[in-house]
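A.B. asks: First, the structure itself, so that you have it in front of you.
The values are calculated or read from the model by the stated rules, or taken from the named source; none is laboratory data. The shown structure was predicted, so the numbers you read here are calculated from the model rather than taken from an experiment. Cβ sites come from the backbone with ideal geometry, for glycine too, and all protein chains shown count toward neighbours. These accessible areas exclude ligands, DNA and RNA; they are computed on the full protein's heavy atoms, side chains included. Shrake-Rupley method; radii C 1.70, N 1.55, O 1.52, S 1.80 Å.
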Amino acid sequence: MTDASTDDTERGDSSSESTVYHVTSVDDMEEGDRLLVDIDGQSLAIFRGSEEFYAISNYCQHQGGPMCKGRMLNPLDSTKSKDAWELSQDSDVPTVACPWHGWEYELETGEHVAPTKYNLPTYDTIVEDGELYVEV
Amino acid sequence: MGEVDNDGPIVFDTDFHLNEGMEHLVPYLVDPYKTLYERDYGEEYRDPFPQAGWFAPDRMGKQSPRQVQTREDVSDAMAEFDIDYALIQPSNCMHLGSVHHDEFATALANAYNEWASNEILDSEKGIYGSILVAPQRPETAAAEIRDRKDADEFVSVGIPSGGVHPPLGNRRYHPIYEAAEEAGLPIVMHNAVTTIMTAFPQLFQEFSRNLTCHATLHPMQQMVHLADMIVQGIPVEFPNLKIVMQEAGVGWIPFMMRRLDNEYLNHRSDAPMLEKMPSEYIEDQFYFSSQPFEAVQEQKYVEYVVELVGSDSLMFATDYPHFDFDNTEDVMNRLQRLPEAEREKIAGKTALDVFDIDQHD
Ligand code: FES
């Protein structure tokens, strides 16, 4: 696990309670890579998707599985054809599935892909001058 | 023993699995099976276990496969999950009860036991196992038990019970029970769903008493229909349809609501069309008649079940004049402590609503 360092630069709305932490250099992560960082005792899983970076809580809402070890994918959908529900994978919503039992969360929102109350906290990521920051 | 966590209670995990492959078992197979198997398949061992369409899109490529194939793998996982003792079970060999070649099945059970005993189990580390037996050959199974009963690492007899046909009450299995009892070993039964699927309807034909049929089949059949209707999207396609399930008792309803929700969170892509959780569809569109209200003598049980199922879904029924009918007064007495509005719903108001009948004067 990497210890994220507090960024010295002042950012964003100073009245907000959030703090920006430096994570790593953008070049250090390729698409599909993930990083486990510890910020003030909280474990965050950082993922690099095809377009952007995501930061979510590392602690799965089900039984605490390590999200940073989960696979990134897109959820399956189904569309009604004449006489069946056909499975399709048209969605381009990036998700991550917990490696323990497969609970699947949207990386952007942290919402479980099933219609349930469970979701994971997510955090904003910021890229500036080739460096990746997370706002907690 | 595994790492004992001094802060908490002793943890004994009574169902912990290996991911054995044929490559682990073949070296321990007796001849002629070892020679035949190696000659036929070389290193490309074909899996001999029956399967029933294990294509699970929701699982494929989603989770990281966790393989437990060595003693070290077991110890590592025990440490990770704070387990002090574990009862080790196979995975593939859970399908053994449905292998169609009886002698080969017994050879596989024997090979699994040899492999587990030599390479996995370790009583000093708290890693225990079951003597796996093939129920297809009860006498051979009994011999397997007698051969291994004194080994410290075996603390039970494992029957891979999924799809075992006839069911395990049949006299033909007595040699297994005799040997287990004589050895002082409990029998441990574990199913494999894909084998149950291949044998389930036929299994029913071997029930030798009405009690077996009646006690199990009413709720099981409704569980099957309920699960299938939800997973195939019936309530999504027919959102105004009300569905009443009768005569299956009540305790299984909260169980299935929770079991379906629990599984849906892992298997959502087997039914991506659902817009609500399975239990919400059950609450909104399914209704259950209360008879035969098992344990109606137990006030607490009745109240708890009603609370879990909900008075909007439960409808009183007598089933009169069938032999297991419920007496109105008796059931109503047990509902006495519920709020009046709930009692009235269960007694009749929900039914008036479901069947769209105006209350008579
Ligand atoms: S702990 Fe994450 S799915 Fe179970």
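A.B. asks: With the crude spin-label approximation of a point 7 Å out along Cα→Cβ, what separation in nm comes out for B:Asp15 versus B:Asp312?
C.D. replies: 3.3
A.B. asks: Right, something else. If you average the C-alpha positions of the stretch B:312-361 and of the stretch B:66-88 separately, how far apart do those two centres end up, in angstrom?
C.D. replies: 51
A.B. asks: Shifting gears a bit: Tell me the label-point distance for the pair B:Gln67, B:Ala227, using the 7 Å Cα-to-Cβ offset, in nm and rounded to one decimal.
C.D. replies: So the label points at B:Gln67 and B:Ala227 sit 2.9 nm apart.
A.B. asks: For the stretch A:66-127, which trypsin sites (Lys or Arg not before Pro) are in a loop by DSSP, counting at most 10 other Cβ atoms within 10 Å? Spell out each step's value before the answer.
C.D. replies: Working: sites: A:Lys69, A:Arg71, A:Lys80, A:Lys82, A:Lys117; in loops: A:Lys82, A:Lys117.
The qualifying sites are A:Lys82, A:Lys117.
A.B. asks: For chain A, what is the relative contact order in percent, using Cα pairs closer than 8 Å and at least 6 residues apart in sequence? Intermediate values should be presented prior to the final figure.
C.D. replies: Numbers: 276 pairs, mean separation 31.6, N = 136.
Reported relative contact order: 23 percent.
A.B. asks: Next up: Quick one: what do you get for the stretch B:120-251 if you divide its Cα Rg by 2.2 N^0.38 Å?
C.D. replies: This ratio for the stretch B:120-251 stands at 1.40.
A.B. asks: Nearest 100 Å², what total accessible surface is buried between chain A and chain B (probe 1.4 Å)?
C.D. replies: Counting both chains, the buried surface is close to 2100 Å².
A.B. asks: So if each residue of separation counts as 0.36 nm, and I subtract the Cα-Cα distance between B:Glu275 and B:Glu103, what length gain in nm does that give?
C.D. replies: Gain on stretching B:Glu275 to B:Glu103: 57.0 nm.
A.B. asks: Which of B:Phe323, B:Gly251, B:Gly129 sits farthest toward the positive end of the charge dipole of chain B, with +1 on the Cβ of Lys and Arg and -1 on the Cβ of Asp and Glu?
C.D. replies: Of the options given, the answer is B:Phe323.
A.B. asks: Still on this structure, please answer the following. Expressed as a whole percentage, what fraction of the accessible surface of the protein assembly as shown belongs to carbon and sulfur atoms when a 1.4 Å probe is rolled over the protein heavy atoms?
C.D. replies: The computed percentage sits at 47.
A.B. asks: Also: Given axes a ≥ b ≥ c from the Cα gyration tensor, I'd like to know whether the stretch B:163-215 is rounded (a/c under 1.5), prolate (a/b larger than b/c) or oblate.
C.D. replies: oblate
A.B. asks: Any idea what the dipole of the stretch B:26-172 comes to, in debye rounded to 20, about its Cα centre with Lys/Arg Cβ at +1 and Asp/Glu Cβ at -1?
C.D. replies: 700
A.B. asks: Right, next: Taking amide H positions as placed 1.01 Å from N in the peptide plane, with prolines and chain starts having none, which residues 5 or more places from B:His17, or on another chain, fall under 5 Å of its amide H?
C.D. replies: B:Gln89
A.B. asks: For chain B, what is the charge dipole size about the Cα centre, in debye to the nearest 20, if Lys and Arg each add +1 at the Cβ and Asp and Glu each add -1 at the Cβ?
C.D. replies: 800
A.B. asks: Can I ask one more? If Rh is defined by the Kirkwood formula over all Cα pairs and Rg also comes from Cα, what ratio Rg/Rh do you get for the stretch B:278-361?
C.D. replies: 0.96
A.B. asks: When all alpha-carbon pairs of the protein assembly as shown are counted, what percent fall beyond 44 Å?
C.D. replies: Percentage above 44 Å: 31.
A.B. asks: How many Å² of accessible area per residue for the protein assembly as shown, probe 1.4 Å? Display every interim value, and only then the final one.
C.D. replies: Details: 25980 Å² over 497 residues.
I get 52 Å² per residue for the protein assembly as shown.
A.B. asks: Something else: Lone cysteines in chain A, defined as no other cysteine's Cβ under 4.7 Å from theirs: which are they?
C.D. replies: Within chain A, the cysteines lacking a partner Cβ under 4.7 Å are A:Cys68.
A.B. asks: Still on this model: Tell me, which residues of the stretch B:63-79 get at least 50 Å² less accessible area when the other protein chains come in, versus the chain alone (1.4 Å probe)?
C.D. replies: With the partner chains in place, the stretch B:63-79 has these residues losing at least 50 Å²: B:Gln63, B:Ser64.
A.B. asks: Right, another one. Quick one: which of B:305-311, B:292-298 comes out on top by average Cβ neighbours within 10 Å, and what's the full order, highest first?
C.D. replies: Descending mean neighbour count gives B:305-311, B:292-298.
A.B. asks: Relative to the first principal axis of the alpha-carbon coordinates of chain B, what is the inclination of helix B:210-231, with its axis defined by its Cα atoms, in degrees from 0 to 90 and to the nearest 10?
C.D. replies: Orientation of helix B:210-231: about 80 degrees from the principal axis.
A.B. asks: So what's Rg/Rh here for chain B, counting alpha carbon atoms and using the Kirkwood radius for Rh?
C.D. replies: In chain B, Rg relative to Rh is 1.04.
A.B. asks: Within 10 Å of each Cβ of B:268-279, how many other protein chain Cβ atoms are there on average?
C.D. replies: Counting other chains' Cβ atoms within 10 Å and averaging over B:268-279 gives 5.
A.B. asks: Then there is this: Bins of 10 Å, beginning at zero and ending with the bin holding the largest distance: percent of Cα pairs per bin for the stretch B:254-306, please.
C.D. replies: 21, 42, 25, 12, 0
A.B. asks: Continuing with this model, one more query. Can you tell me the convex hull volume per residue for chain A, based on C-alpha atoms, in Å³ to the nearest whole number? Mind dumping the intermediate values first?
C.D. replies: On the way: hull volume 17.5 nm³, N = 136.
Once divided by residue count, the hull of chain A is 128 Å³.
A.B. asks: Also: When DSSP beta bridges are limited to those with both residues in the protein assembly as shown, what percentage is antiparallel, rounded to the nearest 5?
C.D. replies: Values: 39 of 61 bridges.
Close to 65 percent.
A.B. asks: Roughly how big is the protein assembly as shown's charge dipole about its Cα centre, with Cβ charges of +1 (Lys, Arg) and -1 (Asp, Glu), in debye to the nearest 20?
C.D. replies: Result for the protein assembly as shown is approximately 2400 debye, rounded to the nearest 20.
A.B. asks: In whole Å, what are the Cα extents of the stretch B:73-142 along the three principal axes, biggest one first?
C.D. replies: The Cα atoms of the stretch B:73-142 stretch 39, 19, 16 Å along the principal axes, largest first.
A.B. asks: Are there any chymotrypsin sites (Phe, Trp or Tyr not before Pro) in the stretch B:75-177 that are in a DSSP loop and have at most 14 other Cβ atoms within 10 Å? List them by number.
C.D. replies: Qualifying residues, ordered by number: B:Phe81.
A.B. asks: Right, here's the next one. Rank B:Ala351, B:Tyr112, B:Thr212 by how far each Cα sits towards the positive end of the charge dipole of the stretch B:12-354 (+1 on Lys, Arg Cβ; -1 on Asp, Glu Cβ) and give me just the farthest.
C.D. replies: Comparing the listed Cα positions along the dipole, B:Ala351 ranks first.
A.B. asks: Can you work out the FRET efficiency for the pair B:Phe255 and B:Gln359, with r the C-beta to C-beta distance and R0 = 35 Å, to the nearest 0.05?
C.D. replies: It comes out at approximately 0.60.
A.B. asks: I would also like to ask the following. Going by a 1.4 Å probe on protein heavy atoms, which residues of the stretch A:61-87 end up with at least 50 Å² less accessible surface in the whole assembly than in their chain alone?
C.D. replies: With the partner chains in place, the stretch A:61-87 has these residues losing at least 50 Å²: A:Arg71, A:Leu76, A:Trp85.
A.B. asks: May I ask you to list the trypsin sites (Lys or Arg not before Pro) in the stretch B:303-351 that are in a DSSP loop and have at most 15 other Cβ atoms within 10 Å of their Cβ?
C.D. replies: Numbers: sites: B:Arg334, B:Arg337, B:Arg343, B:Lys345, B:Lys349; in loops: B:Arg337.
Qualifying residues, ordered by number: B:Arg337.
A.B. asks: Give me the percent relative contact order of the stretch B:199-346, please, defined on Cα pairs under 8 angstrom at least 6 residues apart.
C.D. replies: So the answer I get is 22 percent.
A.B. asks: Which of B:His322, B:His218, B:His101 ends up with the largest GNM mean-square fluctuation for chain B, with Cα atoms connected below 10 Å?
C.D. replies: B:His322
A.B. asks: If you fit an axis through the alpha-carbon atoms of helix B:138-148 and take the longest principal axis of the Cα set of chain B, what angle between them do you get, 0 to 90°, nearest 10?
C.D. replies: 60
A.B. asks: Once you place label points 7 Å from the Cα toward the Cβ at B:Glu206 and B:Glu283, how far apart are they in nm?
C.D. replies: According to this spin-label approximation, the distance is 4.2 nm.
A.B. asks: Over chain B, what is the relative contact order in percent, taking alpha-carbon pairs closer than 8 angstrom and at least six residues apart? Walk me through the numbers before you get to the answer.
C.D. replies: Details: 541 pairs, mean separation 46.2, N = 361.
With pairs under 8 Å counted, the relative contact order is 13 percent.
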